[in-house]
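Enquirer: Once you've had a glance at the structure underneath, I'll fire off some questions.
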Amino acid sequence: MTIILTSILFAAGLGVLLAVIIGAAAKAFAVESDPRIETVTDMLPGANCGGCGYAGCADFAKAIVEGRADPSLCPVAPPESAGRIAEYLGITTQEKEKVIAVVRCAGDCAATVRSPYNGVGDCRSAALVAGGGKGCDYGCIGFASCARACPFDAIEMRDGLAVVHPELCVGCGKCVETCPKNLIILAPAAVDVHVYCNSPEKGALKRKVCKTACIACRKCVKAADSEEQMTIKGFLVETNYSSPPLPDLVEKAACPTTALRLATKHAAGAYEGVSK
Amino acid sequence: MTEVETPAIQLPDATKLVISNSPHIRGGETISNIMVHVLVALAPAVAAAVWFFGLHAVRVMALCTIGSMLIEEIWNKCAKRPSSWKDGSAALTGLLLAMNLSAGAPWWICILGSIIAICLGKQLFGGLGYNPFNPALVARVALLIGFPSLMTSWVTPQAGKWLACDALTGATPLGASGAAVASLNDLLIGNVGGCLGETSAIALLIGGIYLLIHKLIKWQVPAAFIGTVAIITGITHHFCPEMTPPALYHVLAGGLMIGAFFMATDIVTSPMTANGALIFGFGCGIITSVIRIWGGYPEGVSFSILFMNALTPLIDRYTIGKPFGYIRIKKEAAQ
Amino acid sequence: MASNVLTITIGAILVNNFVLSKFLGICPFLGVSKKLSTALGMSGAVIFVMTLASLVTSLIYKYILSQTFVVNGTTINLTFLTILVFIVVIAALVQLVEIILQKFSPPLYQALGIFLPLITTNCAVLGAAALNVQAGRGVIESTVFGTCSAIGFALALVLFSSLREKLDLAKVPAPLQGTAIGLITAGILAMVFMGFSGLV
Amino acid sequence: MSDKPRKFKGGVHPNDSKALSASKAVVNAPLLDKYTVIINQHIGAPLEVVVKKGDVVKKGQLLAKATGFVSVPLHSPTSGTVTALEKCPGPACVSVPSIEITADGNDEWGSPFEPIADWQNAEPAALKQRVSDAGIVGMGGAGFPSHVKLSPTKPVDTLILNGAECEPYLTADHRLMLEQAEDVVLGAAILARILGLKTAVIGVENNKPDAIEALNKVAAKYSVKVQGLRVNYPQGAEKQLIYALTGREVPIGGLPMDVGCVVQNVASAIAVYEAVVKGHPSIERITTVTGEPLVNPGNWRFRIGTPISKALELAGGINVQPAKLLLGGPMMGMAQNSLDVTVMKNTSGILLIPVETVSQYTSEPCIRCGKCVTACPMDILPATISQAVENGRFDWAEQLNVLACIECGSCSYLCPSRRPLNQHFKRAKAEIMAARRKQQKK
């Protein structure tokens, strides 16, 4: 009996003593932290893609809690998630439009390669050495740097051309930063019609090196419901993303070079082997 | 004044002109080139091993070398990697492994050693260039720990007798007793028991000099390695002669020569900088001497080299010199 | 005494290395070895905790647990409480270290992450204390043993982390990437440390 | 200044292959029908074109004017008509703006400058203005405006003329020093006057003894010194040359003037001489057209805007299809994939590399042989840096001083694994600089 009592007393005494010491230390060396940051971090997707512009989800959470960032900035999370975070923190958030990446190049035919290239198989490295030997100075180099950069595996390499799968893309913008040719843009996901060309050169020059370049023939502009839907910039037509055309424009316009395409069909491979 | 174009003038086809970064020409050195040089450097030692151990040596060396190359190919096939036996690195690993085995090693030891060396020592880490440890030594140490008695029974050398097949267990020059059992002359020529590559110091030295002349190894490694062993054993012998044989005996006996010239200098697993190589050699020397004099194993060369292999990334990291033009920046910043 | 300390030192650092020969403290060994800088921080923390823990536990053992008291006429020996008391004391010590680190070195605190609390339940720390009791070492020897074991742990950790940093650049076959190749490397490292057997 | 040049660390000894064209005297290239002059031939601010299509121009007339301090004007290579302002293939395999001039065959001078015959007594500032107006750039390859180097913001005590020509194959500077030794020395003296110095030193690699001899004959007259240099690539790299001649180390990221030096190419010195004494703007240069596949390699004096195809025709065309066409030397030159690229002010060589000696790059792993470390003249660790770059660790590459790299290519030349080390460094430098710019914007 005494043994039990003594040991209990001893252990308890030790516990109390240590507790006091730790308690004192915790007081003396207290560090302030906001527990909400951790909760918000847990509510974020945890992909750490950096699409929000912050270094990972934890950093973003800190920025949200401190009021420096809006929860809707996260491109990965569904809109409800931003709402939940806003609700938890008692703040308001803006609705954001979902965007996807569009690689504005369709030059996947072998004719776009001008000369053999021997070197590092990375677009950013190749761009420093003659752009990898492709004929078009503005087109996709095809060494898959954007595909490797994509945290969501949404970019497929097809015959040396990067193709975005709209259903997988969350619009984080990693590929946009990676592409040395500034080929990739973030376009509203609701729009399906895009011009898959980025070369500002004259039509004849473009046709020399690429069969699928936009030659600014204006067929699509004329076929559109209103001329505003397609904008002409020099020798290049662009979709006007603020007043976009309907998907049936592709059929109506019958683009002679097939530079005008639907993102969904482009990704599905419906334009394979184009060469007219 | 205008140019007359004759059809004889032929211009390059622009579509076949290769685009690449500079430089556009290169020196002749290739990986297989280097490996062949090392194999050539090993030739005197191989000849000595065959002279002293006859066809047994040939058998062990053939098994290990061909076995290693085969296993490398099998691995490449399985892992869907490009074939790599032609670069000679597998053959070299196999031959170095054979040099670390006794002439009486059974066939399955040779094959098992090859598997360990190629798979565990090299390919698991991603193949040539990525292995942190010397593959041949990984195999040797694994075998030594797994089959201690098999790996420490030696065949007595019988110079010039090709078919001498009695696997006699002879004394090795580095017994645990701490006494010298062979004459220095025998050690130099190689008329002693031990691994195939531990016999003839002179043959190994010739190979080492060949490598040094061709600048394939850094002189700092063997110099620091052998020098440190000589100094430490020399001092110890001077103060307690009964503890260990004299320095020259230590330098010539056992695997120090092959270790210092062929194993420690392995380019993949040793430091790249000159200062790093010096530190690497010192470390090898200290650990070898400590194990030889005080340790439980009679020979510490392989352990010491592997230990320093593990230290190599650290050595590389902390021996980076200051680049050209760096000192001035420091000075200016200080002002 | 001096030769005894030397034996303990070499024995604890090289021959009976906690990680590579006794397989204690594998969790932080694998977890905190991805970067050399965190490995160095962890090493420092472990050396500190283990020294302190060895000192405190051996003091407690010597002056309290191994003593016999007479309470109400009953002779009491508290040796059976050794493990329990050691765990509590070590846990408290680690808590202290954590609080202090968080205050004075937030980056290190961040980098060590979950592994700092894990020292609490680290078998290496408890192992050092328990081995001291088992070997019947005095207070000074216990402390030396604790420090040297921790140095041995640190040596293994630093070596291993520098190797892993190198392996990060290697084209390791996909199924073996990460911890798998780390364990294989650790195995080879353990084999290398066997070379030191017989030194003591 | 010691008499024996110092040895810089590292370097390589490629087969110099200079025998192909070293004995061929410089020939004036015949006048062409058409010249396509690339507008921006220098490093710095882009030019503003002052002519339009249909304009009639004289030889030496201004075509485009400078838009800033680090910028030099462009002049017409011959008299004729501006027939197009289009894009043409540039030296980096990207189309660049150019001016097409159709020659009228008269080749009539219309130089905007008066010769300054009495340069010994002319104002240094006026001489410098002439160097700037004449559009003179570093003709060794870099294409950096010469007058910028002549305006040091720090005290300068040494003028170095770079006649090392350490690149294999190239012999343009060699021939130039041999045939126009006096002009080189005069150019050096003019440059020295601009900088307010009494003397200059011309560094020449010892594999050109005839050039050294020729220079020595006239050098003393203008108190210019000629110094033979050890044959070791990259002896002609600015920082290595300064070290060899003065023992001073140019700091990383620094300029020669940080150690009191100014380095000019010998070809630039001749251009300076011609601009000052003859009043000619920089519209022509000596270029080596060489390579084993060529029928008749040699050295020609080309006007800027001469297409490479014409240059190759002068050299008799090819026997076999080459693997690469380069502008510049084989160690630092740029590979081309078009024969329509034209000669620029900094085109020191047009080189065809045969298939047998061309460098084929692979992605073989590094075997850590350390050859690159011993070869690196800047004493950095190419092997480790390239691995860092392969893994996208540009921060690590920066720590390892990749910015000190001068892209001489010695490491890639020696690498037994044939790794594209130089390209890795180029990438790392580009990424680090981009990150810094981004940081500054924030």
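The values are calculated or read from the model by the stated rules, or taken from the named source; none is laboratory data. Just so it is clear, the structure is predicted and the values come from calculations on it, not from any experiment. Reconstructed Cβ throughout: ideal geometry from the backbone, glycine too, with neighbour counts over all protein chains shown. To get the accessible areas, we keep the full protein, side chains included, count just its heavy atoms, and leave off ligands, DNA and RNA. Shrake-Rupley method; radii C 1.70, N 1.55, O 1.52, S 1.80 Å.
Enquirer: Mind checking the dipole of chain A: about its Cα centre, +1 per Lys or Arg Cβ, -1 per Asp or Glu Cβ, Debye to the nearest 20?
Expert: My answer is approximately 1320 debye.
Enquirer: Given bins 5 angstrom wide, list per bin the percent of all Cα-Cα distances in region A:111-245, short to long.
Expert: Result, from short to long distances: 2, 10, 18, 20, 20, 17, 10, 3, 1, 0 percent.
Enquirer: Simple spin-label model, 7 Å along Cα-to-Cβ: B:Leu184 to A:Ala11 in nm?
Expert: Label at B:Leu184, label at A:Ala11, 7.0 nm between them.
Enquirer: Taking the Cβ-Cβ separation of A:Ile21 and B:Cys240 as r and a Förster radius of 35 Å, what is the calculated FRET efficiency to the nearest 0.05?
Expert: Efficiency for this residue pair is about 0.10.
Enquirer: List, in the order given, every pair from A:Lys265/D:Lys426; D:Lys24/D:Lys87; A:Lys96/A:Lys233 whose Cα-Cα distance in the structure shown is over 31 Å.
Expert: A:Lys265/D:Lys426; D:Lys24/D:Lys87
Enquirer: In addition: May I ask you to rank B:Trp51, B:Trp107, D:Trp396 by accessible area, largest first, using a 1.4 Å probe over the protein chains only?
Expert: Largest accessible area first, the residues go B:Trp107, B:Trp51, D:Trp396.
Enquirer: Listed here are the pairs A:Lys222/A:Lys252; A:Lys181/A:Lys206; D:Lys7/D:Lys239; A:Lys134/D:Lys324; D:Lys154/D:Lys441; which of them are more than 19 Å apart at the Cα?
Expert: Checking Cα-Cα distances, D:Lys154/D:Lys441 exceed 19 Å.
Enquirer: Kindly provide the GluC sites (Glu not before Pro) of region A:103-182 that DSSP labels as loop, not H, G, I, E or B, and whose Cβ sees at most 16 other Cβ atoms within 10 Å.
Expert: Hits after loop and neighbour filter: A:Glu167.
Enquirer: Return the distance in nm (one decimal) between the two label points of a simple spin-label model at B:Asn33 and A:Ala28, each offset 7 Å from Cα along Cα→Cβ.
Expert: According to this spin-label approximation, the distance is 6.7 nm.
Enquirer: With an 8 Å cut-off on Cα pairs and a minimum separation of 6 or more residues, tell me the relative contact order of region D:114-278 in percent.
Expert: That works out to 35 percent.
Enquirer: On to the next question. Find, among the trypsin sites (Lys or Arg not before Pro) in region D:43-110, those assigned to loop by DSSP (not H, G, I, E, B) with at most 12 other beta-carbon atoms within 10 angstrom.
Expert: Sites meeting the loop and neighbour criteria: D:Lys52, D:Lys53.
Enquirer: For chain D, give the magnitude of the charge dipole about the Cα centre (Cβ charges: +1 Lys/Arg, -1 Asp/Glu; no others), in debye to the nearest 20.
Expert: Computed about the Cα centre, the dipole is about 1140 debye.
Enquirer: Right, here's the next one. Strictly over 25 Å apart at the Cα level, which of A:Lys202/D:Lys58; A:Lys211/D:Lys53; D:Lys34/D:Lys58 would you flag in this model?
Expert: Correct reply: A:Lys202/D:Lys58; A:Lys211/D:Lys53.
Enquirer: Quick one: compute a quarter of the convex hull surface over the Cα atoms of region C:21-189 and quote it in nm².
Expert: One quarter of the hull surface, i.e. the mean projection, equals 11.2 nm².
Enquirer: Place a label point 7 angstrom from the Cα of C:Ala180 along the Cα-to-Cβ direction, then list the residues of region B:65-98 whose backbone nitrogen is under 17 Å away.
Expert: B:75-81
Enquirer: Considering every pair of different Cα atoms, what Kirkwood radius, in Å, is found for the protein assembly as shown?
Expert: One decimal place: 35.6 Å for the Kirkwood radius.
Enquirer: Lone cysteines in chain D, going by a 4.7 Å Cβ-Cβ cut-off?
Expert: Lacking a cysteine Cβ partner under 4.7 Å: D:Cys88, D:Cys93, D:Cys166, D:Cys261, D:Cys366, D:Cys369, D:Cys376, D:Cys405, D:Cys408, D:Cys415.
Enquirer: Now a separate question. When only C-alpha pairs under 8 Å and at least 6 residues apart count, what is the relative contact order of chain B, in percent?
Expert: With pairs under 8 Å counted, the relative contact order is 16 percent.
Enquirer: When the solvent-accessible surface of protein heavy atoms is calculated with a 1.4 angstrom probe, in what order do C:Phe104, C:Phe196 fall, highest first?
Expert: C:Phe104, C:Phe196
Enquirer: Using only Cα atoms, locate the centre of region A:22-91 and the centre of region B:288-328, then give the distance between them in Å, rounded to an integer.
Expert: If you average the Cα positions of each part, the centres end up 46 Å apart.
Enquirer: At a probe size of 1.4 Å, how large is the accessible area of D:Tyr222, to the nearest 10 Å²?
Expert: 50 Å²
Enquirer: Do you know the relative contact order of chain A, to the nearest whole percent, from alpha carbon pairs under 8 angstrom that are 6+ apart?
Expert: Normalised by residue count, the contact order of chain A is 16 percent.
Enquirer: Further, regarding this structure: Calculate log10 I(q)/I(0) of region D:371-441 for q = 0.15, 0.22, 0.23, 0.28 Å⁻¹, where I(q) comes from the Debye formula with a single equal point scatterer on each Cα and nothing for solvent.
Expert: One equal scatterer on each Cα of region D:371-441 leads to -0.43, -0.85, -0.92, -1.30.
Enquirer: For the Cα atoms of chain A, what angle does the longest principal axis make with the long axis of helix A:2-28, in degrees from 0 to 90, nearest 10?
Expert: 50 degrees
Enquirer: Using a basic spin-label model with each label point 7 Å from the Cα along Cα→Cβ, how many nm lie between D:Arg436 and D:Asn206?
Expert: 3.7 nm
Enquirer: Ok, one more. For n ≥ 4 DSSP H runs only, could you compute -39500 (n - 2.57) per run for chain A, divide by its residues and tell me the 222 nm figure to the nearest 500?
Expert: Helix contribution divided over all residues of chain A: -9500 deg cm²/dmol.
Enquirer: Here's something else I'd like to know. For region D:30-154, what proportion of DSSP beta bridges, expressed in % and rounded to the nearest 5, is antiparallel?
Expert: Taking every DSSP beta bridge within region D:30-154, about 95 percent pair in antiparallel fashion.
Enquirer: Shifting gears a bit: Run through all the Cα pairs of chain B and give the fraction in each 10 Å bin from 0, expressed as whole percent.
Expert: Each 10 Å bin holds this share of Cα pairs: 6, 24, 31, 20, 8, 6, 3, 2, 1, 0.
Enquirer: Excluding ligands and nucleic acids, what accessible area in Å² is computed for A:Lys134 using a 1.4 Å probe, to the nearest 10?
Expert: 30 Å²
Enquirer: With all protein chains present and a 1.4 Å probe, how do D:Arg437, B:Arg292, A:Arg218 order by accessible area, largest first?
Expert: Largest accessible area first, the list is D:Arg437, A:Arg218, B:Arg292.
Enquirer: Magnitude of the Cβ-charge dipole of the protein assembly as shown, K/R +1 and D/E -1, about the Cα centre, nearest 20 debye?
Expert: 560 debye
Enquirer: Keeping all protein chains in the complex and leaving out DNA, RNA and ligands, what accessible area do you get for B:Ile217 with a 1.4 Å probe, in Å² to the nearest 10?
Expert: 20 Å²
Enquirer: Would you compute, from DSSP H runs of 4+ residues alone, the mean residue ellipticity of chain C at 222 nm, taking -39500 (n - 2.57) per run and dividing by the full residue count, rounded to the nearest 500?
Expert: -22000 deg cm²/dmol, from helical runs alone.
Enquirer: Follow-up. Among DSSP bridges having both ends in the protein assembly as shown, what percentage is antiparallel? Round to the nearest 5.
Expert: Just about 70 percent of them are antiparallel.
Enquirer: Lysine pairs, Cα distance under 27 Å, 8 or more residues apart or cross-chain: how many in chain B?
Expert: Lysine pairs meeting both conditions in chain B amount to 12.
Enquirer: Write down, largest first, the equivalent ellipsoid semi-axes of chain A in whole Å, where each equals the square root of 5 times an eigenvalue of the alpha-carbon gyration tensor.
Expert: Equivalent ellipsoid of chain A: 55, 23, 15 Å, largest first.
Enquirer: How long is the gain from D:Ala45 to D:Ala125 if the chain were fully straight, where each residue apart is worth 0.36 nm and the alpha carbon distance is subtracted?
Expert: Going from the current span to full extension adds 26.6 nm.
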